[in-house]
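Since the structure comes first, as C-alpha cells, the remarks are kept for the end.
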Amino acid sequence: MNQIIKFTANRVWRTYRGGKLLDMIEGKENPQDSSFPEDWIGSTVEARNIGREHISEGLAMVKNDQGKYVPFRQLLEKDPQFFLGQSGGTIRSMNDIPLVKYLDSSTRLHFQAHPTREFAQERLNMPRGKTEAYVILETREDISTPYIYAGFQRSPSRAQLKEWIETQDITSIESCFDKIPVKPGDVFILPGGRPHALGEGILMLEIMEPSDLAVRFEFERCGYEIPEQARFMGKDIETALDVFNFAPVPSEKINAEFRCYPKVIAVDEQGNKLEELIGASETSCFTVKRAQIKGYFKRNENAFFYGIVTEGTGVLRMGDKITQLNRWDRFFCPLGVREFEYQTDLGMSILECYPGNS
Ligand SMILES: O=P(O)(O)OC[C@H]1O[C@@H](O)[C@@H](O)[C@@H](O)[C@@H]1O
C-alpha cells in the first residue's frame, strides 16, 4: 500500500456527551448526542475507558492490500521507513504520531489537566504526555457564547485546590477561571499541566500527543460519575496535584499563553495559501498547517501528515493516482509520498497535522 489512506469514522466512548454533528457528518439518519462525542482519526492510540476495558476503543482500522481490516498501526509497523520516515537519523516510532480527533461537545466537559511529557516519562513510565491543541471548526447556534476554560486566571494554592477537589466544590474551582470566548477559525495550544475544561456546543479538531492520560478533578457531570480509578490516572491525589501548573495566566496574558496566530508560509498567484497554525514556537509535540486551495496547488512535504478537509471539495493527485476529497474527509499522507497536488474548482481548505520536532 503506497498511497493516501482514507479513514472511516472511529467513534470513541467518553465521559461526556456530544457527537450529534459527527452523526450528521457520517450521514446517520437520526443524528443525536450520545456518549460517543469524539472521532479518533486514524488513531494509533487505544482509549483508556475505565469500566470498558473489555472493549477495544480508539485504534483506527483500515483495509490492507488483501481487503482485510487491520489496525492502522499494524500497517504502519510493516514499513515505518516509508510511512513515517526518519527524524534525526532514526526511524520515527508510533510515539511520534500525533493523535488527531474530531470533538463535538453538547455539554461542558469536566475539569481536567493532562501530564507533560516529562511528567509522563518520569512519574508514569509512559512515553508521552498530553499537550493538546484545538482548532475550532464550528459552534452550535443555540449556544450564545461558546467558550473554553484554560489555565488558572486566579490560581488557588495547592492545599486549597486539594480541599476543593476532595469536597467537590466546583463553584470555587470554576471561580479560578475566566470564560475564553471561541469562534470558528480560532486556534489554541494547551500545554500539559494546564487545567482546563471545554465548553458546550463546540466542534473542533483536536491535535495532541499520542496518549489518553488525564487528571479529572471534577467527578460528576450531567449525571455521570467518573469512577475513582479514572480520576487521577489510578494514582493518589498528591500525584494528581503534582501534574498541575499552578502559575496564573491572568486574563490579559491568555492570548499570549494559549492562542496561536497563523503564519503565512506561502502564497501563489492563483491565491493558494499555506499557513502554519501551530509550529515550533508553540510546541515541539506536533505541527499543524492549513492549506487553502483556490485552484491547483503543488505541494512538497518531507514528513507524514493527517489531512482533514474542513471546507469544500477537490482531489489530491499523486502522479496518476487521484483521491477524491469531500468536506470532513480525513486521510493519511505517508512521508514516502513527498510530492503531491491538491486541485479544486470551488475552493477547499485542508488542515494538515504533522509530527513535532521532538
Ligand atoms: O471523557 P474524558 O476521557 O475525560 O476526555 C474528555 C476529553 O477532554 C478533552 O479536554 C480532551 O482532552 C480530549 O482529548 C478528551 O478525550
**Asked** So which of 63/130; 162/235; 6/321 end up more than 18 Å apart by C-alpha?
**Response** 63/130
**Asked** Setting aside same-chain residues fewer than 8 positions from residue 273, which lysines have a Cα under 20 Å from its Cα?
**Response** 263, 289, 294, 298
**Fill in**
Convex hull around the C-alpha positions of region 36-188: the volume in Å³ per residue is 191 Å³
**Item:** Gap separating the Cα centres of region 76-95 and region 221-292, nearest whole Å
**Value:** 25 Å
**Asked** Length gain on complete extension for the stretch residue 239 to residue 86, per 0.36 nm per residue less the alpha carbon to alpha carbon distance?
**Response** 51.6 nm
**Segments 328-340, 165-177 sorted - mean Cβ within 10 Å per residue, highest first** = 328-340, 165-177
**Contact order normalised by residue count of the chain, Cα under 8 Å, 6+ apart, percent** = 18 percent
**Fill in**
Here the convex hull volume per residue of region 263-355, taken over Cα atoms and given in Å³, is 88 Å³
**Asked** Against the longest principal axis of the chain, how steep is helix 158-167, in degrees 0 to 90 to the nearest 10, with axes from Cα atoms?
**Response** 90 degrees
**Message:** Please compute the volume of the convex hull spanned by the alpha-carbon atoms of the chain and report it per residue in Å³.
**Reply:** 149 Å³
**Message:** Taking R0 as 25 Å, what FRET efficiency do you get between residue 224 and residue 145 from their Cβ-Cβ distance, rounded to the nearest 0.05?
**Reply:** 0.55
**Prompt:** What does the convex hull of the alpha-carbon atoms of region 160-219 project to on average, in nm²?
**Reply:** 5.2 nm²
**Request:** Give the relative contact order (percent, whole number) for region 263-355; include only Cα pairs under 8 Å separated by 6+ residues.
**Result:** 34 percent
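A short reminder: the numbers here are calculations on the coordinates, not readings from a lab. Because the structure is predicted, anything quoted here is derived from the model rather than measured. FYI the Cβ positions are ideal-geometry reconstructions off the backbone, even for glycines, and counts take in every protein chain you see.
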